[in-house]
1. Exactly one condition in (1) under 15 Å from Arg414 (Cα atoms); (2) of a type in the set (Gly, Ala, Ser); (3) in a helix (DSSP H, G or I) is not met by Gly294; state its number.
2. Just to check your reading of the model, which residue among Leu82, Leu120 is open to solvent by less than 20 Å² (accessible area, probe 1.4 Å) and at pLDDT 95 or above?
3. What are the residues in the stretch 397-416 that are over 17 Å from Lys499 (Cα atoms), open to solvent by 30 Å² or more (accessible area, probe 1.4 Å) and of a type outside the set (A, V, I, L, M, F, W, C), if any?
4. Run Ser40 past the list (1) in a helix (DSSP H, G or I); (2) touching a Pro at 6+ places or on another chain (Cβ under 9 Å); (3) hydroxyl-bearing (Ser, Thr, Tyr) and report the number of the one that doesn't hold.
5. Mind checking which pairs have a first residue in the stretch 31-55 that is touching a residue at least 60 places away in the same chain (Cβ under 8 Å) and closer than 15 Å to Val79 by Cα and a second that is open to solvent by 50 Å² or more (accessible area, probe 1.4 Å) and in a helix (DSSP H, G or I), Cβ under 9 Å, 6 or more apart or different chains?
6. Only one of these is outside any loop (DSSP other than H, G, I, E, B), hydroxyl-bearing (Ser, Thr, Tyr), within 19 Å of Gln94 (Cβ to Cβ) and open to solvent by 10 Å² or more (accessible area, probe 1.4 Å): Thr162, Thr142. Name it.
7. Scanning for something buried (at least 21 other Cβ atoms within 10 Å of the Cβ) and assigned to a helix (DSSP H, G or I), does the stretch 8-16 turn up at least one residue?
8. Of the residues that make up the stretch 66-78, is at least one open to solvent by less than 20 Å² (accessible area, probe 1.4 Å), closer than 17 Å to Leu187 by Cα and hydroxyl-bearing (Ser, Thr, Tyr)?
Amino acid sequence: MTLPLQDSILIVDFGSQVTQLIARRVREAGVYSEIAPFNSAAEAFARMQPKGVILSGGPSSVMWDDSPRAPQEIFDAGVPVLGICYGQQTMMEQLGGKVEGGGSGEFGRAFINVQKPCALFDGLWQPGDKHQVWMSHGDKVTRLAEGFEVVATSEGAPLAVTANEAKRFYATQFHPEVVHTPDGGKLLANFVRHVCGLAGDWTMAEFRATKIAEIRAQVGTGRVICGLSGGVDSAVAAVLIHEAIGDQLTCVFVDHGLMRLGEAEQVVTLFREHYGIKLVHVNAEERFLGGLAGLTDPEKKRKFIGGAFIELFEEEARKVGGADFLAQGTLYPDVIESVSFTGGPSVTIKSHHNVGGLPERMNMKLVEPLRELFKDEVRVLGKELGLPDVFVGRHPFPGPGLAIRIPGEVTKERCDILRKADAIYLEEIRNANLYDAIWQAFAVLLPVRTVGVMGDLRTYDSVCALRAVTSTDGMTADIYPFDAAFLSRVATRIINEVKGINRVVYDYTSKPPGTIEWE
């Protein structure tokens, strides 16, 4: 991208499951950041020329022969560097210090004692202060590299925070990026704004203007075809591209029969009538449901749906006279998770996105204007572009739609049953004024049938599971704690109003860090 990368922060990823949170905290401070795996960090550093570098945590030990390292040019460039957990350890090891293992380690909540002032703490922590942090380490630094001094300690890490003020190198054994370190976000903001000297003025308005110029430069006089899924990501991408190139964009909305109740009509109305975007509405329900017949493996269902989408795009591109580019609503977590920190492909996460490129036969280049943004940032951009709140604020509904919410075989009958149950669930959430407090809620039609008694009749029908989670960025999530009265009301309505369901359960599973979608 052509954002002012000299006003950016590079984050070197050593495989921590919470590396993305570092990028989020930096962007929350108003500074643009990018993540690069350690083995491609040298290229990213040369390309970006950032004002500072953050080294992430990771599962490796610096005592392993093949453990990952930071590019030496980062330490030689004269820019500030902050090492976190493994990042601290490899910094010390590479600069002449020593790391040892074999102890009991330090995991979970801990407290550090501030020993000395340093630029990392300015205006935040003072000598003598005691602060809660989150530790996760077995190895620890036992000898400092030349020029470093200890500025904070903990019971399990006598060298918990170290600093070389002359070189502006800092290192923390704890994780400031997680919410369990209450002042961690402020500490990272202090590093990027005070230590690195960045203004913190990266805004969505700036991103919008820059990205529009980039799209115009990339596309030129070419034509773009964009697949609308009905979700926020593809919708925001389409509106942004339309603002850049107008009628050079044609959107294709594939009505595959796997959407929620009324969503197809909402998409068509918004884009045709409100924005005046050229829209091709393809009714492909029979095609998709026919291809899904007999499929029960979730990954096979995903791959069929992805392949069918590509085929349709090819057909529609030919109908409109050909297209030079295919637009996608790829997000930054998609990009990160599609390549592991060791450089290998992620074969199961995001397999329904074409993050790695398109089949050669399509002869189209990708336009991915959102690939630098996180989910919540896309919503901010949507509002910046004037998309209605009811659309921008809708819960995520990933590409496979109802197909992934119906474990086992997908049929029209099962889709219709789930659509009705899901609509009731969301209606009750809205009636209770809980929709905006929940990041994602949906119903699942389980491949289980149970015996029940309804009135004087014995039934043998399906089980419906309800999920609801809270999150800010979709990287970690926890259950939403509905009260019993709400769940009873929803279950009663679903059983009474949806033929084919005789039992409703609530899924209390939380979402661990390090994954992208809650599906």
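1. (3)
2. Working: Leu120 fails: at pLDDT 95 or above.
After applying the criteria, what remains is Leu82.
3. Gly399, Pro407, Glu409
4. Of the numbered conditions (1) in a helix (DSSP H, G or I); (2) touching a Pro at 6+ places or on another chain (Cβ under 9 Å); (3) hydroxyl-bearing (Ser, Thr, Tyr), the odd one out for Ser40 is (2).
5. Within 9 Å, the pairs are Lys51/Gln6; Lys51/Asp7.
6. Values: Thr162 fails: open to solvent by 10 Å² or more (accessible area, probe 1.4 Å).
Unique residue meeting the criteria: Thr142.
7. Of all residues in the stretch 8-16, those buried (at least 21 other Cβ atoms within 10 Å of the Cβ) come to 8-14, 16.
Applying the additional criterion that residues be assigned to a helix (DSSP H, G or I) yields none.
Looking through the stretch 8-16, none of the residues is buried (at least 21 other Cβ atoms within 10 Å of the Cβ) and assigned to a helix (DSSP H, G or I).
8. Residues of the stretch 66-78 open to solvent by less than 20 Å² (accessible area, probe 1.4 Å): 67-68, 70-71, 74-75.
Subset that is closer than 17 Å to Leu187 by Cα: none.
No: the stretch 66-78 contains no residue that is open to solvent by less than 20 Å² (accessible area, probe 1.4 Å), closer than 17 Å to Leu187 by Cα and hydroxyl-bearing (Ser, Thr, Tyr).
The values are calculated or read from the model by the stated rules, or taken from the named source; none is laboratory data. Computed from a prediction, not measured in an experiment: that's the story for all the values here. Here Cβ is always computed from backbone atoms with ideal geometry, including for glycine, and neighbour counts include all displayed protein chains. What goes into the accessible areas is simple: the full protein's heavy atoms, side chains included, and nothing from ligands, DNA or RNA. Shrake-Rupley method; radii C 1.70, N 1.55, O 1.52, S 1.80 Å.
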